1. If I go through the range 92-102 residue by residue, how many of them are touching a helix residue (DSSP H, G or I) at 6+ places or on another chain (Cβ under 7 Å) and at pLDDT 80 or above?
2. Filter the range 135-157 for residues that are within 14 Å of the ligand (Cβ to nearest atom) and closer than 17 Å to residue 72 by Cα and give the result.
3. Considering (1) within 13 Å of the ligand (Cβ to nearest atom); (2) farther than 19 Å from residue 38 by Cβ; (3) in contact with a helix residue (DSSP H, G or I) (Cβ under 6 Å, 6 or more places away or on another chain), say which one residue 163 fails and leave the rest.
4. State yes or no: is residue 29 modelled with pLDDT under 85, part of a loop (DSSP other than H, G, I, E, B) and in contact with a strand residue (DSSP E or B) (Cβ under 7 Å, 6 or more places away or on another chain)?
Ligand SMILES: [Zn+2]
């Protein structure tokens, strides 16, 4: 029996970059011509430049405290009566797409014999090094879930009320995630820890 190409053992350097699962389809549901355009820009190496032209700078909301203040300010502007948030934090364990661009949990906990709803907003850490518009988009998304649980028409209307450019921003963010997944370097700042690539001092 002939050994097929797929059965050949892969060299080690290749194994180290292999993924155990196929990556998520970041642009599922978008019109084909838009998806094709993003794939072309990634293939010819120009998506990063295009994103940097459109979004040149990173935001400065880099700590959980700063994120909490940022979310509270936006909530105060648009959803003053939506209930208190008990926690706002960046979360390195969130997977952006499979967990719906962040999470929006209403945790029920028993406290003194009573069930108490606890609202938390966690934002995937990839958003810590993004332009202000991407952070605004994800916070709008999570705030909208305080009122609307599902991703339905009422939900997206609320998103657009808070951010009229919501759909464009979510699409551009998804294009960026696809670019990162294809191996592109982060555009708005390298990770602060976990990499040791500089010259020894
Ligand atoms: Zn959602």
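The values are calculated or read from the model by the stated rules, or taken from the named source; none is laboratory data. In this text the structure is predicted, and so the values were computed from the model without any measurement. When we count neighbours, we look across all protein chains shown, and the Cβ atoms used for this are built from the backbone with ideal geometry, even at glycine.
1. 1
2. Listed by number, the residues that qualify are 137, 138, 139, 140, 141, 142, 143, 144, 145, 146, 147.
3. For residue 163, the failing item is (1).
4. Against the criterion (modelled with pLDDT under 85, part of a loop (DSSP other than H, G, I, E, B) and in contact with a strand residue (DSSP E or B) (Cβ under 7 Å, 6 or more places away or on another chain)), residue 29 does not qualify.
To keep it simple, each residue is scored yes or no on (1) crowded, with 16+ Cβ neighbours inside 10 Å; (2) touching a strand residue (DSSP E or B) at 6+ places or on another chain (Cβ under 7 Å); (3) farther than 17 Å from residue 70 by Cα; (4) touching a residue at least 60 places away in the same chain (Cβ under 8 Å).
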position	(1), (2), (3), (4)
122	yes, yes, no, no
127	yes, no, no, no
131	yes, no, no, yes
153	no, no, yes, no
167	no, no, yes, no
174	yes, no, yes, yes
